[in-house]
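The values are calculated or read from the model by the stated rules, or taken from the named source; none is laboratory data. Just so it is clear, the structure is predicted and the values come from calculations on it, not from any experiment. Using ideal geometry, Cβ is built from the backbone for each residue, glycine included, and neighbour counts are taken over all protein chains shown. Just so you know, the surface numbers come from the protein's heavy atoms only, side chains and all, with ligands and any DNA or RNA stripped out. Shrake-Rupley method; radii C 1.70, N 1.55, O 1.52, S 1.80 Å.
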Amino acid sequence: MYNSEMPTKAELPSTKQLLKSTIIALLTAVVLLVTVILPAEYAIDPTGIGRALGLAEMGEIKTQLAEEAAADEARDQALALVTEVEQPIETPVVESLSKAVTAEAEVSNSSEPVWKDRMLLSLKPGQGAEVKLAMKKGQVAEFEWVSKGGPVNYDTHGDGNGNSISYEKGRGVPNGEGELVAAFTGNHGWFFRNRNDQQVMVIIKAKGEYSKMKRML
């Protein structure tokens, strides 16, 4: 074993070299912050480079999802307050139900459904992903999905307890919506494949009779 020799004073970096390296590292960090991190995370793109790279759109989608989630949470809290209000004992059941329905209609925006779950899939070229709803036979779930950055191939299907079924397939489709009725107890949902040359983002929203939404792969 050879003992390594201590570097001489002349071989050590000078204070000027260390300062120069520090400044370069700081400038690199600032450039990455402005051109990559801010557009991708917060849709802030002062240079325009983020939009050219497709990062600004990703940030806009994330911001939109955050705003929609906050709006849904606010509506849910308002509905919870309405249902917690105690009704007088002498109030008929029919009248109580009518008031609850009226209050819910006033709180909810009828043009925008309140979704139970939402999921964001980021798919690279050639990549696939599967999202399923855990459902019992006969249960119904409403869904809506949209692909940002290009259309996708999809297969709506179900499996579980030795059963399998294909509900619908599509190639080069930008969005979809409708109802999913479980043919049997198991997992029912969608497989998406990105056949574009660039990355796409698929946003899935669902509500209805299912226990949970989960990503399978």
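For the range 186-209, filtering for residues that are assigned to a loop (DSSP other than H, G, I, E, B) and open to solvent by less than 70 Å² (accessible area, probe 1.4 Å) leaves 2.
What about A183, is it under 15 Å from the mean Cα position of the chain (by Cα) and either of a type in the set (A, V, I, L, M) or surrounded by fewer than 16 Cβ atoms within 10 Å (Cβ to Cβ) (or both)? In short, no.
For the range 123-145, a tally of residues being open to solvent by 50 Å² or more (accessible area, probe 1.4 Å) and acidic (D, E) returns 2. Would you check if there is a residue in the range 167-174 being among the small types (G, A, S) and within 19 Å of the chain's Cα centre (by Cα)? There is no residue in the range 167-174 that is among the small types (G, A, S) and within 19 Å of the chain's Cα centre (by Cα). For the range 148-171, the criterion of a residue being in contact (Cβ under 8 Å) with a residue 60 or more places away in the chain, outside any strand (DSSP E or B) and either under 25 Å from A70 (Cα atoms) or open to solvent by 60 Å² or more (accessible area, probe 1.4 Å) (or both) is satisfied by at least one position. I'd like to check something: does the range 202-216 contain any residue that is more than 19 Å from R118 (Cα to Cα) and touching a strand residue (DSSP E or B) at 6+ places or on another chain (Cβ under 9 Å)? Within the range 202-216, not a single residue is more than 19 Å from R118 (Cα to Cα) and touching a strand residue (DSSP E or B) at 6+ places or on another chain (Cβ under 9 Å).
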